[in-house]
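Inspection log for the structure reproduced underneath, given as structure tokens.
The values are calculated or read from the model by the stated rules, or taken from the named source; none is laboratory data. Values in this document were obtained by computation on a predicted structure and should not be read as measured data. Neighbour counts are summed over all protein chains in view; Cβ atoms, including those assigned to glycine, are modelled from backbone coordinates with ideal geometry. To get the accessible areas, we keep the full protein, side chains included, count just its heavy atoms, and leave off ligands, DNA and RNA. Shrake-Rupley method; radii C 1.70, N 1.55, O 1.52, S 1.80 Å.
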Amino acid sequence: MGGLQMPPHTLPSIHGGRALVSFIPSPISFLRPNFAVQPNCFSALPNGYNTRTMSPFYPNIFHTGRSISQGGRGMQFSARSIRASVQPVTEELMEDKTQANPVSGDSIRRRFLDFYASRGHKVLPSSSLVPDDPTVLLTIAGMLQFKPVFLGKAPKQVARATTAQRCIRTNDVENVGRTARHHTFFEMLGNFSFGDYFKKEAIKWAWELSTKEFGLQADRLWVSIYEDDDEAFDIWHNEVGVPIERIKRMGEEDNFWTSGITGPCGPCSELYYDFHPERGYSDVDLGDDTRFIEFYNLVFMQYNKRDDGSLEPLKQKNIDTGLGLERMARILQKVPNNYETDLIYPIIEKASELANVSYALADDQTKRNLKIIGDHLRAIVYLISDGVLPSNIGRGYVVRRLIRRAVRSGRLLGIKGDGKSNLEGAFLPAIAEKVIEMSTYIDSDVKTRASHILEELQREELRFVQTLERGEKLLDQMLADALSSGHKNGIVPYLSGKDVFLLYDTYGFPVEITAEVAEEHGVKIDTDGFDIEMEKQRRQSQAAHNVVKLAVENGDFSENVSDTEFLGYDMLSARAVIESLLVNGKPVIQVAEGSEVEVLLDKTPFYAESGGQIGDHGFLYVTEGESKPVAVVEINDVQKSLGNVFVHKGIIKEGVLEVGREVEAAVDPKLRQQAKVHHTATHLLQSALKKVIGHETSQAGSLVAFDRLRFDFNFHRPLLDTELEEIERLINGWIGDATILQTKVMPLNDAKKAGAIAMFGEKYGEQVRVVEVPGVSMELCGGTHVSNTAEIRAFKIISEQGIASGIRRLEAVAGEAFIEYINVRDAQVKRLCSTLKVKAEEVASRVENLLEELRIARNEVSALRAKAAVYKASIIASKAFVVGTSKTIRVIVECMDDVDADSLKSAAEYLIDVLQDPAAVVLGSSPDKGKVSLVAAFTPGVVDMGVQAGKFIGPIAKLCGGGGGGRPNFAQAGGRKPENLPSALEKAKADLTSILTAKAS
């Protein structure tokens, strides 16, 4: 899909740069106020008159600089404060509907969805920013949730759909704040057709929406089409009426959408808004950002691209469109860029307040930093709400990087503290509160997760501030090294591009700050080298984040396989028909004994892995009459594919399997029971966690296996032993209550209103299955569960640990797995009792006594070793030699064989004490196989000469395959190459002699 283009707005701004706020209307009417009015805002009113009601105190509004809005479609207007110099209204502005006061972003979103809903489109919710697609890191396009439908891998639930999809793109993150249109978080309004309507309807509705619903002037709209798409040209020109001179044919690079090397593709057509129609029609370039903005893209998905590059018509032609909400808001609200719309500006306003600056009066750099904060905080809040937490890999790195960029921008603005008198506090949460406040019509779940979002932001920001401080120390060292190198080589000192990029990418230092600090020290920076490193990262980012891979399967396999009917809630065995067989991913008709095979059935009692629960195990039997099975397949895994098709993976133990044969599908009942037990126990665990550590915690992942359960959750610290005990007590109490579970299917909205918890990472349809343990838990869940909590029998936590920043993991056992766990532990305790010759209740105290005895024995051994080392040192003291002329220095460099590190230290301390100042001692040993210990001890007289033990011992240790350092007077080091110790000590002796001779002469 062609990228939307957003040019800088050059018309005089009449936007006040303030948040839209409500006001109480009064029946004062006016036809032409002293600021611009939006005539089209009244399209929803029955009388159609251009009259308004407003507060009789409206003059005060101009003094406070506050904007005002009236609920209802498009009934908003604003005024710029006096200090911001409100522009006078001209007749030209009055005549142009797009020159009027803004309609809200929420109104634009609602009107778009209403427009297409009235034309038979089903309004579907935005999918998560974490896509149900392994080929894409984040949701980067509105069409992503419909990808299986476009491919024919999933049946279409509706013929037409419309959405307001939350999207994240970070491949152009460096352009955020620099241009008028680049964002990391944005909303894509889309209408989709799955084999229903096609070009004519898509084109006509896009025009009607733009010109009638949103009131854009027809003579300001330009159209681009693919160069060979005569059909689209005919519709735009002959049926819609767009003049030929405003229809531009463009090449494949701009106007032909492809999903990849192969797969669905087709021409596209784009709508552009012209900010400067006075420039005429000659030499027009739609890519001119100073004049045009692309706001609507229509993709006509009509071909399949084959491996040889040829195009074949798709059996089902589709429509995929996208209208950028922020871009349309910019046009309608008459602001110079997307950031000054009511979708983002209130966030910027909050940041301005904390920074104590005026956005309207700020310079370009200050505005850019405010825009970065406004943009990034939206992305950060919605990502964390969707379960993506800061980390150093994958999606987590995207969040971490955005947080760090926002923190850097805030520090450049001089923001100190949280705005609540805490100068050491985090400031991002205070701004995030504004994002959360504005989230109502974007994602209603954000407000319910507010406390978790704010806590995560605070932890990550404060952690990063510490990283910044470490970066400052690193920069100081880099500058010192650069100055030293420059002086030594007679060149201008400089920081390499790699060093500058390291400071930027790892420690969060903006290039501008690095350059400023470097300049103060007389050091240049290699900006070209930095640009090269940045480009490397940008290419990697684009490759990872901005590709939606689609492919049409060869043959008719994907088109002919229907969804599998799941019978496993009610039965563990059933007769089914083999619809397809696969070996190594390729369809076959027949498979022989001993082969690994994937079996697709028309219906099945086997549960396919999803929602954290692993797939069932069991057998498929092919029988003839009442005789012995003629074929047996052992099933060891079941997965979902191609939408809702169950793939039974196993190995043929007997006979031959053929497509079309009927089989008896039988689930292993014992393993199914264990899965049910652990799945219900997982629900109880989540409820217990919320009761014990707080309702803000939420699931971040899970595994329901036959032998255990694993539950990942958001929390900032390890759980206390008392908390773990309380969690177990609660769960075992609920198990003992023998509560009967209730399962029902209901509309998704009704389930959420009832309080059902939705699991992170799961995709839900309009109808959902709700599993409830009355009085304890209610969750949306498609997994299998016990009918009564008593079936769980008992529950035990076996481990608790941190697996990532802010993510904890609990592992537990229940049911039969609990019995097995207890039996194993009991056997181990009995063995300990036998070995220690004590009762079970005495094991702990006996082990403690043994550990104390061991500690005492080790201390005694250590003391004896130290004495032995000192004795050896007293012998080698006589080997001291003297260096220097004007001032003599006593030096010892010796190997002490297998003396351990602590004893080596004692020996060095002894020698320094017995030798007269100035003296220097370097000792080495090889206490274990593959291990080297080194120590350097210098008296104050040596240190005063500028010779430091810490700096001296490091290069010596490197010769032994290690490193180390320490204080100027004493340092220790280690290595992994004992064979190099003799030569390393020889070098230490030579270097020390040379250095001290020079210093003492």
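Shape class for segment 105-342, computed from the alpha carbon gyration tensor (a ≥ b ≥ c): rounded, with a/c under 1.5.
Per residue, segment 344-409 exposes 28 Å² of solvent-accessible protein surface, assessed with a 1.4 angstrom probe and all protein chains in place. This model, with +1 at the C-beta of Lys and Arg and -1 at the C-beta of Asp and Glu, gives segment 565-667 a dipole about its Cα centre of some 160 debye. Across the cross-link table entries Lys434/Lys690; Lys905/Lys931; Lys676/Lys744; Lys199/Lys317; Lys586/Lys649, which are compared at the Cα atoms, the separations over 19 Å belong to Lys434/Lys690.
With an a/c value of 1.5 or above and a/b larger than b/c for the gyration tensor axes a ≥ b ≥ c computed over the alpha-carbon atoms, segment 874-998 is described as prolate. Note on segment 433-511: dipole from Cβ charges, positive end direction compared against Tyr504, Leu475, Ser444; the farthest Cα belongs to Leu475. In order along segment 973-987, phi translates into HN-Hα couplings of 8, x, x, 10, 10, x, 5, 8, 4, x, 5, 5, 5, 4, 5 Hz, rounded to whole numbers, per the Karplus curve 6.51 cos²θ - 1.76 cosθ + 1.60 with θ = phi - 60° and x for Gly and Pro. Scanning residues 5 or more positions from Thr321 or on other chains, those with amide H under 5 Å from its amide H are Asn191, Val299, with H placed 1.01 Å from N in the peptide plane. Mean separation of Cα pairs under 8 Å and 6 or more residues apart, divided by the residue count, gives segment 874-998 a relative contact order of 22 percent. For segment 565-667, the C-alpha radius of gyration divided by 2.2 N^0.38 Å, with N the number of residues, is 0.97. Close amide H pairs (under 5 Å, H built 1.01 Å from N) link Ser126 with Ala164, residues at least 5 positions away or on another chain.
Heavy-atom accessible surface of Arg111, to the nearest 10 Å², is about 10 Å², with a 1.4 Å probe and all protein chains retained. These residues, Glu820, Glu634, go from largest to smallest accessible area, 1.4 Å probe, as Glu820, Glu634.
For segment 470-479, putting each phi into the Karplus relation 6.51 cos²θ - 1.76 cosθ + 1.60 with θ = phi - 60° gives couplings of 5, x, 5, 5, 5, 4, 4, 5, 4, 5 Hz, in residue order, rounded to whole numbers and with x for Gly and Pro. Taking amide H as placed 1.01 Å from N in the peptide plane, the amide H of Arg119 sits under 5 Å from none that are at least 5 places away or on another chain.
The string of couplings for segment 658-663 from the Karplus curve (6.51, -1.76, 1.60, θ = phi - 60°) is 9, 5, x, 6, 8, 10 Hz, one whole number per residue in order, with x for Gly and Pro.
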